[in-house]
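The values are calculated or read from the model by the stated rules, or taken from the named source; none is laboratory data. These numbers come from a predicted model, not from an experiment. As a convention, Cβ positions derive from the backbone with ideal geometry for all residues, glycine included, and neighbour counts pool all protein chains shown.
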Amino acid sequence: MSSITLHEYAASGNCYKLRLIMAHLGIQYTRKHYDILKGETRTPAFLAAVNANGRIPVLQVDDSYLPESNAALWFLAEGSAYIPEEKFARATVLQWMFFEQYNHEPNVATVRFWVAYVGKENLNDWQQQTLPLKIAQGYAALDVMENQLAKTDFLAGSTYTIADIALYAYTHVAHEGGFDLTRYPAINAWMARAAGQKGHVVIGA
Ligand SMILES: N[C@@H](CCC(=O)N[C@@H](CS)C(=O)NCC(=O)O)C(=O)O
């Protein structure tokens, strides 16, 4: 039996993805907290031992470290009902996880972080100039999700998978960044279905 430690920051949606899958699967683990606002993932010790990329989450399995939330999600869920067995269905799960990292998280999560954690008044010039574009691109990603979820109960089809976990993490707190989710009925119905899954836990818990 492996020993699992989650190196994390509780308010991070990327870290929440891993707490959520481990709650669904009943996996026991230890939590190690870092204050990212104080640069605690940028120390020489963290960079040398935990993640040379200076970010959390990092899943530690015994003495091995796995950064990147979606890689860790895949590792934890492999062999469970949260990843389909059929080849095309598995690739469809990955499709949404790559979408999350390229189109959704850099916009929806970044806007939330800048607005709710850093504070609009503390943004540097580049961040202030970039904010409207990030908001527009965040809405574009939410539009893509709304389009899919108007057709299927979950992102990769009829069952709840790690694609849903990856995208639920920052979508359900997007309003904290100022995104208006009331305009997305299919996303709201999907979020309620996700929150109703067995073993669901809330972010920050
Ligand atoms: N692609 C990475 C992104 C990780 C990431 O951006 N982590 C943020 C918190 S959500 C972080 O560690 N920020 C602290 C920093 O960059 O110093 C993942 O999905 O795990």
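Can GLY138 be described as under 22 Å from GLY204 (Cβ atoms) and surrounded by fewer than 13 Cβ atoms within 10 Å (Cβ to Cβ)? No: the conditions fail for GLY138.
State whether the residues of the range 43-61 include one that is surrounded by fewer than 18 Cβ atoms within 10 Å (Cβ to Cβ), farther than 24 Å from ALA195 by Cβ, touching a residue at least 40 places away in the same chain (Cβ under 8 Å) and more than 9 Å from the ligand (Cβ to nearest atom).
Filtering the range 43-61 for residues surrounded by fewer than 18 Cβ atoms within 10 Å (Cβ to Cβ) gives 43-45, 47-49, 52-54, 61.
Cutting the leftovers down to farther than 24 Å from ALA195 by Cβ gives us 43-45, 47-49, 52-54, 61.
Among the residues that remain, those that are also touching a residue at least 40 places away in the same chain (Cβ under 8 Å) are: 61.
Retained after the next criterion (residues that are more than 9 Å from the ligand (Cβ to nearest atom)): 61.
Yes: the range 43-61 contains one or more residues that are surrounded by fewer than 18 Cβ atoms within 10 Å (Cβ to Cβ), farther than 24 Å from ALA195 by Cβ, touching a residue at least 40 places away in the same chain (Cβ under 8 Å) and more than 9 Å from the ligand (Cβ to nearest atom).
For the range 164-180, give me each residue that is more than 21 Å from GLN197 (Cα to Cα) and of a type outside the set (Asp, Glu). First the steps, then the outcome.
Step one: filter the range 164-180 for residues more than 21 Å from GLN197 (Cα to Cα), giving 175-180.
Result: HIS175, GLY177, GLY178, PHE179.
Of all residues in the range 170-205, those that are crowded, with 16+ Cβ neighbours inside 10 Å, among the aliphatic types (A, V, I, L, M) and either modelled with pLDDT under 95 or under 20 Å from ILE21 (Cβ atoms) (or both) total 4.
When TYR34, TYR29, TYR16, TYR117 are checked against the criterion of being within 11 Å of the ligand (Cβ to nearest atom), at negative phi and without any contact (Cβ under 8 Å) to a residue 60 or more places away in the chain, TYR34 stands alone in meeting it.
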